[in-house]
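Below is one structure; the comments refer to it alone.
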């Protein structure tokens, strides 16, 4: 559940919100990057979302046992997953100059929304 929610939100962010910026960047980098075809990229993004969702709910399960608030545990778990999966990678991308800062910031904000929402939804269906 968590991964599916993340996949859908990330799809909207990449396919609608950041679409023009990503397209402009890809055209500018045309001779230097070789992304997979769109169907292959979707499969990769799906598995990325699934892994983040599984890890997020796993962390939630450990945290929920130690707190009285499932919502707080879900949001803290999501924040932890976001820090290690998105924020750390964003610093790397900026330091290496791999993507324009505007795209990295969009990915950070969109990733925070998708991960917090995904882990929260996954936590709602998780039972000990």
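Since every read-out is calculated from the coordinates, none of them should be taken as a lab result. Small disclaimer: the values here were computed from a predicted structure and weren't measured. Ideal geometry is used to build each Cβ from the backbone, glycine not excepted, and the neighbour counts take in all protein chains shown.
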Legend entry - Matching label, P(r) over Cα pairs in 5 Å bins from 0, in percent computed from the structure shown, candidates (i) 2, 10, 19, 18, 15, 12, 11, 7, 4, 1; (ii) 2, 10, 12, 13, 13, 11, 9, 7, 8, 7, 5, 2, 1, 0; (iii) 2, 11, 19, 21, 19, 12, 8, 5, 2, 1, 0: (iii)
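Given the -39500 (n - 2.57) contribution per DSSP H run of 4+ residues, what per-residue ellipticity at 222 nm results for the chain, rounded to the nearest 500 deg cm²/dmol?
Details: 6 runs with 95 residues, N = 128.
When only DSSP H runs of four or more count, the value is -24500 deg cm²/dmol.
Taking Cα pairs under 8 Å and at least six residues apart, what relative contact order does the chain come out at, in percent? Don't skip to the answer; put the middle values down first.
Details: 133 pairs, mean separation 55.4, N = 128.
Relative contact order, the chain: 43 percent.
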Legend entry - Cα-projected label distance for residue 61 with residue 34, points at 7 Å along beta-carbon direction, nm: 4.0 nm
Legend entry - Gaussian network model of the chain, springs between alpha carbon atoms under 10 Å - residue of 109, 81, 33 with greatest fluctuation: 33
